[in-house]
Every structure is written in C-alpha cells, then in structure tokens.
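Chemist: Let me begin by handing over the structure; questions about it come next.
The values are calculated or read from the model by the stated rules, or taken from the named source; none is laboratory data. Note that this is a predicted model, so its numbers are computed, not measured. We place every Cβ from the backbone using ideal geometry, glycine too, and count neighbours over all the protein chains shown.
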Amino acid sequence: MTAGPRTIVLDCDPGHDDAIALLLAAGHPGAEIAAITTVGGNQTLEKVTGNALAVATVAGLDGVVVAAGCDRPLVRDAVLTDPRTHGASGLDGPELPEPTVPLDPRHGVDVIVETVMSHPARTVTLVPTGPLTNIATALRREPAIAARVAEVVLMGGGYSKGNVTAAAEFNIYTDPEAAHVVFSAPWRVTMVGIDLTHQALATPDVVERFRTLGTTAGRFVVDLLDFFGPAYRAKQGFPAPPVHDACAVARVLDPGVMAVRQAHVDVELRGEHTTGMTVTDFAGRDGRALEHLVATELDVPRFWDLVVGGIAELR
Ligand code: RIB
Ligand code: CA
C-alpha cells in the first residue's frame with residue numbers, strides 16, 4: 001500500500017530556488033503543504049514574504065497558510081542580503097502576480113508550533129530552506145515539537161565546502177546559533193548541503209523541459225532560471241545554477257533520489273575563519289552517536305524527472 005502524501009511545513013526565504021521548491025511541493029501529489037513560513041535571508045522578511053505569496057499564487061495554493069516569521073538571526077546582525085544572486089526584490093526575473101493568497105496574521109513561529117502540535121505525532125515534516133531562525137525559535141517556544149515532528153529535512157550546510165566563506169554555507173552562516181539549536185535538538189535532521197545541491201544544476205536542457213510544459217508555472221520557472229543562471233555564473237562561476245532548495249523537497253518526496261550517510265554534525269560558533277561551518281563527523285569519533293543524515297550523491301536524472309513532473313501538475 002503506497003503511503004499518502006507527506007505533510008510538510010516549508011520554511012523559506014524566496015529566493016529563486018525556494019520558489020522552485022515551493023512549486024514542486026505544491027504540484028507533486030506526494031506532498032501536502034500544511035503551511036508556508038518565511039524568514040529573513042535572501043532578502044528582507046518583507047520582500048521574501050511578498051515573494052512567497054506571489055509564488056503561492058502562481059502555484060494556485062489559494063487556501064494555504066502563509067505566515068511571516070523572524071526578520072533577523074537569533075543573536076548576530078543580519079547578513080546584508082546580496083542582491084547579486086536573487087536581485088533587489090529577492091525574486092528578480094519573472095513578473096510576479098498580485099497575490100490572491102492572504103498573509104496569515106499569526107507569527108510564522110506560532111504557525112510552525114500550532115501546525116506540529118495540531119497534527120498527529122510524527123506526521124509533519126519541517127522543510128527549512130533558509131536560515132534556521134524560525135525553527136530554532138519554535139523549538140524554544142515549544143520544546144515538545146521535537147518529539148512530534150516526523151523529521152527535519154533542511155537545505156543548508158556542507159561537509160566539504162562553504163559558499164559564503166570557504167567553510168560556511170549561507171543558510172547556516174546567516175544564523176549559526178539557530179543552526180546549533182536545530183542540530184542539537186532530539187529529532188532527526190537530514191542535512192541537504194551544498195555538496196549535494198551543487199549536483200542539481202539547471203542546465204539548458206532542463207530549462208527547455210520547463211519551457212515545453214507550456215504552462216504558467218513552467219514559464220515562471222523559465223523566467224526564474226533566466227535570471228538565476230547568469231547571476232550565479234557571474235557571482236560564483238557556475239555553468240548552470242544549482243537549484244539548492246528543491247533538493248530538500250525532493251528528498252521528502254522520493255528519498256531514494258539521493259544517497260545519505262549517517263553522521264554527527266556540529267555547528268562552529270567561534271571560529272575566526274570557520275564560524276557557520278557544519279563540522280561533519282562520519283566516523284563517530286570518541287564513540288559519539290551518528291544521529292544525523294547527510295546527503296551525498298544525487299541521482300540527477302531522477303531528480304529532474306521528479307521536479308519537472310511535479311511542476312507539470314500545476315496550471
Ligand atoms: O546556500 C544556498 C541557500 O542560500 C539556498 O537556500 C538559497 O535560497 C539561499 O537561501
Ligand atoms: Ca533559500
């Protein structure tokens with residue numbers, strides 16, 4: 001008997017790759033979006049929230065809960081958002097529709113807590129694709145969510161490299177204290193880091209697959225990638241843009257789309273050169289438990305079939 005759809009909370013900072021992750025989750029029958037919460041990251045909270053409402057509108061998610069969460073990291077000053085990757089709006093490229101999806105008046109952290117506590121135990125998966133401030137704050141507000149969440153599948157970190165510094169990836173670097181809280185909590189965390197997401201490159205033939213869908217959502221993704229590609233090439237020298245956040249949603253929808261290894265992950269908080277690094281121990285040194293899962297290898301054709309197939313379900 002096939003399992004029903006996975007209930008997810010998407011905590012995001014749209015952002016081009018967050019937008020594609022949201023469209024995938026909206027279209028694919030294997031996911032049911034219980035709520036979308038936003039967090040300051042790629043752009044200011046106000047901008048990423050407006051972007052989330054617009055993308056939810058493109059996805060036809062009229063009844064979905066969308067709530068704004070934290071606008072800054074737990075402790076540190078916000079990392080100044082770099083308009084070079086996502087543009088001044090945070091979602092440059094496509095023309096954004098006037099949202100038909102209303103903004104829920106509750107705080108995003110309260111929505112996360114209420115969603116988890118109101119669903120049966122172990123049925124809600126948290127999928128953060130931005131800085132982890134909302135997730136950490138939700139844990140502080142209601143520690144009981146750690147035992148009720150099915151798992152946390154996050155896009156962030158990396159065991160072999162960084163993308164803001166040599167050691168740290170943006171989502172973790174922006175709020176390392178929040179990441180420390182999330183990785184230290186008694187729940188299962190799967191880290192989908194840039195070692196994995198740099199395999200998810202939206203090459204020209206992938207863009208063409210979205211174009212030939214001939215749908216509003218397909219054209220929207222093409223417009224996203226038409227901006228994201230050159231921006232990523234100019235800033236990070238990639239031949240094609242890595243669609244980071246869609247990898248986290250893909251892991252929830254089809255776990256076999258990527259290989260994972262057990263590990264223990266610590267977040268560096270004090271290193272002059274390494275703050276925000278996800279220090280990943282695959283060996284279990286000193287007999288420590290390998291309680292986290294870390295994504296390593298992507299089945300690239302299976303991934304793009306999943307993403308294009310999911311978005312093909314949208315109008
Ligand atoms: O490092 C990649 C991550 O940072 C992605 O989530 C992207 O959207 C940005 O938030
Ligand atoms: Ca993101």
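Chemist: Among residues belonging to the range 124-150 that are surrounded by 24 or more Cβ atoms within 10 Å (Cβ to Cβ) and part of a loop (DSSP other than H, G, I, E, B), point out the one that is farthest from ligand 1 (Cβ to nearest atom).
Modeler: Here the residue is L132.
Chemist: Within the range 219-266, track down each residue that is more than 17 Å from A31 (Cβ to Cβ), touching a Leu at 6+ places or on another chain (Cβ under 6 Å) and assigned to a loop (DSSP other than H, G, I, E, B).
Modeler: Passing the criteria: only A240.
Chemist: Taking the stated definitions as given, is A121 surrounded by fewer than 21 Cβ atoms within 10 Å (Cβ to Cβ), outside any helix (DSSP H, G or I), within 16 Å of ligand 1 (Cβ to nearest atom) and of a type in the set (G, A, S)?
Modeler: no
Chemist: Could you tell me which residue of the range 34-63 is farthest from the chain's Cα centre (by Cα), considering only residues that are surrounded by fewer than 23 Cβ atoms within 10 Å (Cβ to Cβ) and of a type in the set (V, I, T)?
Modeler: T57
Chemist: Turning to a different aspect of this structure: Residues in the range 13-36 that are assigned to a strand (DSSP E or B) and either within 14 Å of ligand 1 (Cβ to nearest atom) or more than 24 Å from P105 (Cα to Cα) (or both): how many?
Modeler: 1
Chemist: Let me ask something else. With in contact with a His (Cβ under 9 Å, 6 or more places away or on another chain) and among the charged types (D, E, K, R) as the only criterion, which of D110, D77, D92 stands out?
Modeler: Step by step, each of D110, D77, D92 is checked, and only D92 is in contact with a His (Cβ under 9 Å, 6 or more places away or on another chain) and among the charged types (D, E, K, R).
Chemist: Scanning the range 68-110 for residues that are within 17 Å of the chain's Cα centre (by Cα) and in a helix (DSSP H, G or I), which turns out surrounded by the most Cβ atoms within 10 Å (Cβ to Cβ)?
Modeler: H86
Chemist: So, restricting to helices (runs of 4 or more DSSP H) that lie completely within the range 166-208, which ones have at least 3 residues that are among the aliphatic types (A, V, I, L, M) and surrounded by 24 or more Cβ atoms within 10 Å (Cβ to Cβ)?
Modeler: By residue number, 176-184.
Chemist: Determine whether L269 is in contact (Cβ under 8 Å) with a residue 40 or more places away in the chain and in a loop (DSSP other than H, G, I, E, B).
Modeler: For L269, the condition - in contact (Cβ under 8 Å) with a residue 40 or more places away in the chain and in a loop (DSSP other than H, G, I, E, B) - is met.
Chemist: If you don't mind, another one. Can you name the residue in the range 163-184 that is more than 9 Å from ligand 1 (Cβ to nearest atom) and touching a strand residue (DSSP E or B) at 6+ places or on another chain (Cβ under 7 Å) and, of all such residues, is farthest from R6 (Cα to Cα)?
Modeler: Once the filter is applied, the top-ranked residue is A167.
Chemist: Next up: Keeping to the range 53-87, report how many residues are more than 22 Å from G27 (Cβ to Cβ), at pLDDT 95 or above and among the aliphatic types (A, V, I, L, M).
Modeler: Residues flagged as more than 22 Å from G27 (Cβ to Cβ), at pLDDT 95 or above and among the aliphatic types (A, V, I, L, M) within the range 53-87 amount to 3.
Chemist: What are the residues in the range 232-252 that are among the charged types (D, E, K, R) and more than 15 Å from ligand 1 (Cβ to nearest atom), if any?
Modeler: R233
Chemist: Let me ask something else. Looking at the range 199-241 only, could you name the residues that are hydroxyl-bearing (S, T, Y) and modelled with pLDDT under 95?
Modeler: Within the range 199-241, Y232 is the sole residue that qualifies.
Chemist: Another question, then. Could you list all residues from the range 149-201 that are hydroxyl-bearing (S, T, Y) and within 14 Å of ligand 2 (Cβ to nearest atom)?
Modeler: Y173, T174, T197 - these are the residues of the range 149-201 that are hydroxyl-bearing (S, T, Y) and within 14 Å of ligand 2 (Cβ to nearest atom).
Chemist: Filter the range 274-315 down to residues that are of a type in the set (D, E, K, R) and more than 30 Å from R209 (Cβ to Cβ) and give me whichever is nearest to the chain's Cα centre (by Cα).
Modeler: Among them, the one singled out is E291.
Chemist: M277 - would you say it is surrounded by 15 or more Cβ atoms within 10 Å (Cβ to Cβ), at pLDDT 95 or above and within 15 Å of ligand 1 (Cβ to nearest atom)?
Modeler: yes
Chemist: Could I ask something else about it? Identify all residues within the range 151-162 that are away from ligand 1 (no atom under 12 Å from the Cβ) and surrounded by fewer than 20 Cβ atoms within 10 Å (Cβ to Cβ); write none if there are none.
Modeler: Hits for the range 151-162 are E151, S160.
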